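What follows is a structure written as structure tokens; I'll ask about it next.
The values are calculated or read from the model by the stated rules, or taken from the named source; none is laboratory data. As the structure is a computational prediction, the values presented were derived from the model and not from experiment. For neighbour counting, all protein chains shown are included, and Cβ atoms are generated from backbone atoms with ideal geometry for every residue, glycine included.
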Amino acid sequence: MLPLPPPATPSAKSLLKALISLTKVVSSCGKPKACQSRNVSNIVRRVELLAALFEEIRESRSPIPPSAVVGFQELHRLVQRIYILLEECREMSVFWLLMEQEEYNQYFYELTQTFGSVLSSMPLELLDLSEEAMEQTLLVRAQVLRARLALNPVEVQLRENAINMLQMVERNEIPRLSQLGSLFNKLQLLNATDCETEIHRLEDISMQENRKDDEKTQHGIAGLISFVRYGKYVLHSADLDEVDDESSQVSSRNSRREGLDEVSTSRPGEDAAMVGPPVEFLCPITLDLMRDPVIVTTGQTYDRTSITRWIQEGHSTCPKTSQKLDRNKLISNHALKSLISQWCEDHDVPYENGTLKAGKKVAGIQHVHSTRVGLGAMRLTATFLIEKLATGNVYVQKHVARELHLLSKSGADGRISIAEAGGVPLLLPLLSSSDAKTQEHAITTLLNLSLVKENSKKIVAAGSLERIIEVLKSGHTMEARENAAATLFSISVSDEFKVEIGSTFGAIPSLITLLRDGSMQRGKKDAVTALFNLAVYHGNKAKIIKAGAVPLLVVHLSDQSSSIAETCAAVLTLLATSPDAIDAIHNAASISEFLPLLRNGSPKGRENLASILLSMCLSGDQKVIDDIFLHLKDIVPILHSLLLSGTPRAKRKAASLLKLLSSLNPAEVKRCFSGVRLTAH
């Protein structure tokens, strides 16, 4: 557990003990796999060299002057920031570090500059130091003061190699296997699990608030993800079984958060207002949470707004140390800013710093911002996987099905690439696989492919409907069955396929079965939405009614899910133009059972129920009309309410129904209307 922060008013001995402990933690930090290794080595070595200083002073019996205690406090805060940056580099995407090396180089340079400022302000002459310890401390100080901002030429060349390869992919050229393998080896992406971890880390970066709206950055990250995915398949397809079947279990997604949790000073779940931010997150001037922390030349950290105002008011010394300030030199404290924003996120505290909304513009990722990089990599990936699927054994097919599922989730380009590579016909046999996971991946991939209209045509043309319906009827898992229903729903959006699906044996009865047995969240909704799409075509209505859908649809009008209830009402509205449906609706529920839904349902649900009642009256079925008039005193006030506050369509249906009822029995309707006006008055 990282000792962060030191006590608010520590004794000199306890502070030195905390510094020694923190130094050991920094020493044990693993180096990043490929990038920033020189910067990490330099800053860790300098921290380690100071460990002897801390040990010697702690063992000394001489008193430690207050000015030295202040210096040690600043050293502790500095080493803490170093630790945060080291952890970020260790857990960061290697491709991101490679592309953004200028930015991270700047972070290390700023920390090194602060290191020099803090050591320069330390009153070493007042400390009881041996000659060796003094020389070592002065050596570290000289090193950090001489440090210059410079990129590692090895990493610059590695980035150039990566960009050249990305440009090849952009031109739809296949990289040489030896070159691709060399790049991935240098980046320490040595197996499928490493590549999967890298993909998740890139996905995490794309989801950061300060990058979501940056289109060029999003394109760049998408291109890198596609490129890493291609490399994973081509270089490490033999060990894909090492990657857990549920990709969400890859630990890298939460690894950075776990690193921050280690150094958090408050427990998850505590109320922010009660806990309060850690003291080191507060500006020493205002005692408010810092939004843009900066380091001044004395090594102290303040909020930029506060220290700028302090200087503008005519002050020339540091508020805490009273040392002379260089008013033109304020260095952003990126590590502390990251820690503060993480704490705010964990405790639902608004963090209004501008960098959360519009990230710093740097050149690195812009090298790969072209959308063609991602598309080219996806095409190469899809072609490679489809070839594997065509020639592989059952074991290979299982893993390829999983990878195609993941690729189809990546967006329209991935879906188009799979279909263009000839994936649809090769996926169909997997729908009959005896392996539950293989079947599940295959049907889910087809579902994702069907989201592109041109792909839906290829799916139907390949003769897939019967196989999809078979999965819908008797898939190994409920998820497979539900995804089969969702696939039919997606395909049936196109009018040209409504007839074909409705005419395929077993399609409608299987959807009705899933409406009855499916999960509340997915299965029922996908089934009833598919039925709605099919019911739009007049020729399918009789088939839906004959298959026994009406009683089940009526039951689900009272469903807890408003979307399911609304869609069921919409299906009944379409079916209610048929006399057979009117009989089935009336047999399934009396008019009295519709009234609570008509009175208290959602706006869309009330609209559809008014439409159903109108169709029931228009049918001329005397039993239905008698039942309606039996409850007229309840129906008229509801219709009056719809006229006043319903949707435009609900108002039209309510007006038409009132007009029809008035034509059948004007005196009774008038009497009920009088009651409505009297109540209103």
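So which helices (runs of 4 or more DSSP H) are wholly in the stretch 100-188 and hold at least 2 residues that are among the hydroxyl-bearing types (Ser, Thr, Tyr)?
It comes to 101-121, 177-186.
Using beta carbons and a limit of 8 Å, which pairs, at least six apart or on different chains, have the first residue in the stretch 104-123 and within 20 Å of SER322 (Cβ to Cβ) and in contact (Cβ under 8 Å) with a residue 60 or more places away in the chain and the second one of a type outside the set (Gly, Ala, Ser) and outside any helix (DSSP H, G or I)?
Cβ pairs passing all conditions: THR114/ILE295; THR114/ILE331; SER117/ILE295; SER117/THR297; SER117/THR298; SER121/THR298; SER121/THR321; SER121/GLN323.
From MET134, MET165, MET92, which residue is more than 42 Å from the chain's Cα centre (by Cα) and surrounded by 13 or more Cβ atoms within 10 Å (Cβ to Cβ)?
Answer to the selection: MET134.
Sticking with this structure for a sec: Among the residues of the stretch 45-62, is there at least one that is in contact with a Pro (Cβ under 9 Å, 6 or more places away or on another chain) and either outside any helix (DSSP H, G or I) or surrounded by 16 or more Cβ atoms within 10 Å (Cβ to Cβ) (or both)?
As a first pass, look at the stretch 45-62 and keep what is in contact with a Pro (Cβ under 9 Å, 6 or more places away or on another chain): none.
There is no residue in the stretch 45-62 that is in contact with a Pro (Cβ under 9 Å, 6 or more places away or on another chain) and either outside any helix (DSSP H, G or I) or surrounded by 16 or more Cβ atoms within 10 Å (Cβ to Cβ) (or both).
Of the residues ASP517, ASP526, which is out of contact with any Asp or Glu (no Cβ under 8 Å at 6 or more places or on another chain) and among the acidic types (Asp, Glu)?
Values: ASP526 fails: out of contact with any Asp or Glu (no Cβ under 8 Å at 6 or more places or on another chain).
Exactly one residue qualifies, and that residue is ASP517.
Something else now. Got a number for residues in the stretch 444-469 being assigned to a helix (DSSP H, G or I) and either within 17 Å of PHE497 (Cβ to Cβ) or not β-branched (Val, Ile, Thr) (or both)?
Qualifying residue count for the region: 18.
Of all residues being of a type in the set (Asp, Glu) and farther than 21 Å from LEU183 by Cβ in the stretch 95-127, which is surrounded by the most Cβ atoms within 10 Å (Cβ to Cβ)? Just the residue, please.
Per the criteria, the residue is GLU110.
Need the failing condition index for GLU500 against (1) more than 32 Å from the chain's Cα centre (by Cα); (2) part of a loop (DSSP other than H, G, I, E, B); (3) within 15 Å of TYR537 (Cβ to Cβ), just the number.
(2) is the only condition that GLU500 fails.
Considering only the stretch 293-336, how many residues are in contact (Cβ under 8 Å) with a residue 40 or more places away in the chain and either part of a loop (DSSP other than H, G, I, E, B) or at positive phi (or both)?
Pass one, the stretch 293-336, residues in contact (Cβ under 8 Å) with a residue 40 or more places away in the chain: 293, 295, 297-301, 320-321, 323, 331-336.
Okay, now just the ones that are also either part of a loop (DSSP other than H, G, I, E, B) or at positive phi (or both), so 297-300, 320-321, 323, 333.
So the count comes out to 8.
Turning to a different aspect of this structure: List pairs: first in the stretch 494-523 and within 22 Å of ALA565 (Cα to Cα), second outside any helix (DSSP H, G or I) and among the hydrophobic types (A, V, I, L, M, F, W, C), Cβ under 8 Å, 6+ apart or cross-chain?
These pairs meet every condition: ILE508/ALA547; PRO509/ALA547; ILE512/ALA547.
Something else about it: Taking the stretch 298-315 only, how many residues are under 24 Å from ALA68 (Cβ atoms) and at pLDDT below 85?
2
Hey, can you tell me all the residues within the stretch 475-497 that are within 16 Å of SER434 (Cα to Cα) and not in a helix (DSSP H, G or I)?
GLY475, HIS476, THR477 - these are the residues of the stretch 475-497 that are within 16 Å of SER434 (Cα to Cα) and not in a helix (DSSP H, G or I).
Looking only at helices (runs of 4 or more DSSP H) that lie completely in the stretch 576-654, which have at least 2 residues being in the same structural domain as CYS672 (by TED's automatic domain parsing) and either in contact (Cβ under 8 Å) with a residue 60 or more places away in the chain or within 23 Å of ILE564 (Cβ to Cβ) (or both)?
579-588, 591-600, 603-618, 632-645
So, one more: Any residue in the stretch 80-99 that is closer than 21 Å to CYS195 by Cβ, of a type outside the set (Lys, Arg) and not in a helix (DSSP H, G or I)? Outline the logic, then answer.
Step one: of the stretch 80-99, the residues closer than 21 Å to CYS195 by Cβ are 88-99.
Checking which are of a type outside the set (Lys, Arg) leaves us with 88-89, 91-99.
Next, only the ones that are not in a helix (DSSP H, G or I) stay: 92-93.
The answer is yes, given that some residue of the stretch 80-99 is closer than 21 Å to CYS195 by Cβ, of a type outside the set (Lys, Arg) and not in a helix (DSSP H, G or I).
From the list LEU426, LEU406, LEU472, LEU431, which residue is of a type in the set (A, V, I, L, M), assigned to a helix (DSSP H, G or I) and at pLDDT below 95?
Exactly one residue qualifies, and that residue is LEU406.
Test each condition in (1) over 21 Å from ARG522 (Cα atoms); (2) under 28 Å from the mean Cα position of the chain (by Cα); (3) among the acidic types (Asp, Glu) for GLU440 and report the one that comes out false.
Exception for GLU440: condition (1).
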